[in-house]
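The values are calculated or read from the model by the stated rules, or taken from the named source; none is laboratory data. Bear in mind the structure is a predicted one, so any value in this text is a computation, not a measurement. So basically every Cβ, Gly included, is an ideal-geometry build from the backbone, and we count neighbours across all protein chains shown.
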Amino acid sequence: MAMKRNKEHKLGGSPKPTSQRAKPARITAEQEKLREWNRLMRLAEYEAKLAERHKAEPNLEKKFHQAINALHDCKALEEWFAKNTPYPFKIEHRYHIPLIASCACGYLKKMALSDNQDAIKTLARLSVDMTETLTEFLIGKSEAAKSNEKLIQDLARKAEGLWDKQTAEAWRKQQTPSNAELLRSIACELPYWPMLRFCNTAANSKKQFQRIAHQLELGKECPINVAASANYSLETPINAFVWKCLRHFQNVHSTIRLELNRPGPAKALEEAIEPIVFQKVESPPARRAFICGMINGADVPIYKASYSLPPLTTATAKIWADKAIVLPF
């Protein structure tokens, strides 16, 4: 027994008196404030993410420059096709730049909504620039559009001695749609249209807006009242909420129609809705996992019901409110 006690004494030693035990360190008020500061700043999380990114992709800056160079190469190639593709294929040629721009602008919008100042300024600058260009398209024709019109006339004249009478007649009737006609499918669902507004009221042309709105058939299929006598404002929170809901339904219904009208076997409504349900795309096949879709799976019955509703009018407003807006949201 003595040997056992000695062994225990040798290995563990006798316990220290209570008075000699280490007391837990007390956090001072200054240290507590510093902890709270670091928690709010999230410095540790930020620095850990930087280190993780550098370790995973040490050449990220190089990849960025490669992406920019690839974009420039794509733009140069598509510019060539825009100028040299035979008519009428040139005006209908599918380019990659619009898809890339749409994706990039979507990311820019998300960054701006995250309160990134550089993104907000870039969004504002691009919005002004694009609004100027859009207005120019609607009040006149670009040099490329004028060149295409001349080309059509030349081809029509050549067709008379080259092809049969029916083909020659078809070429004579050939014409490119105006920019207003191209944009009607977008404008008809909206109650507003982007145009520049000036500080000096004399520069704000009401007639020009009315003329463009008429050409675009602005609001023709919009679910809210777009009449000049309508007495409401989207600055009112409840009106803004309802319009946001309706815009969401417009986008979802438009995608459903696109799926139903695709070539191939007829689809049931459930099959047309399935591709827009939120789902996680794993890697592979994606480069990295991400979430895609427009609606939650649990909400599919709402969109099935709303898709079959009659157009929204004063008479059908209660049905829409009950089945598509108030109860679901």
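Tell me, which helices (runs of 4 or more DSSP H) wholly within the range 143-238 include 3 or more residues that are outside the structural domain of ALA321 (by TED's automatic domain parsing) and closer than 27 Å to PRO311 by Cβ?
Passing ranges, in order: 179-187, 206-216.
For the range 230-253, give me each residue that is β-branched (Val, Ile, Thr) and touching a residue at least 24 places away in the same chain (Cβ under 8 Å).
First, pick out the residues of the range 230-253 that are β-branched (Val, Ile, Thr): 236, 238, 242, 252.
Scanning the range 230-253 gives VAL242, VAL252.
Per this entry, THR135 is counted among residues that are in contact (Cβ under 8 Å) with a residue 60 or more places away in the chain and outside the structural domain of ALA213 (by TED's automatic domain parsing).
Any residue at all in the range 216-239 that's basic (Lys, Arg) and farther than 24 Å from VAL128 by Cβ? Yes. Residues of the range 52-61 that are exposed (fewer than 10 other Cβ atoms within 10 Å of the Cβ) and in a helix (DSSP H, G or I): LYS55, ALA56, GLU61. Quick check on ALA187: is it farther than 30 Å from VAL242 by Cα, in contact with a Gly (Cβ under 9 Å, 6 or more places away or on another chain) and surrounded by 13 or more Cβ atoms within 10 Å (Cβ to Cβ)? So ALA187 does not fit the description; no.
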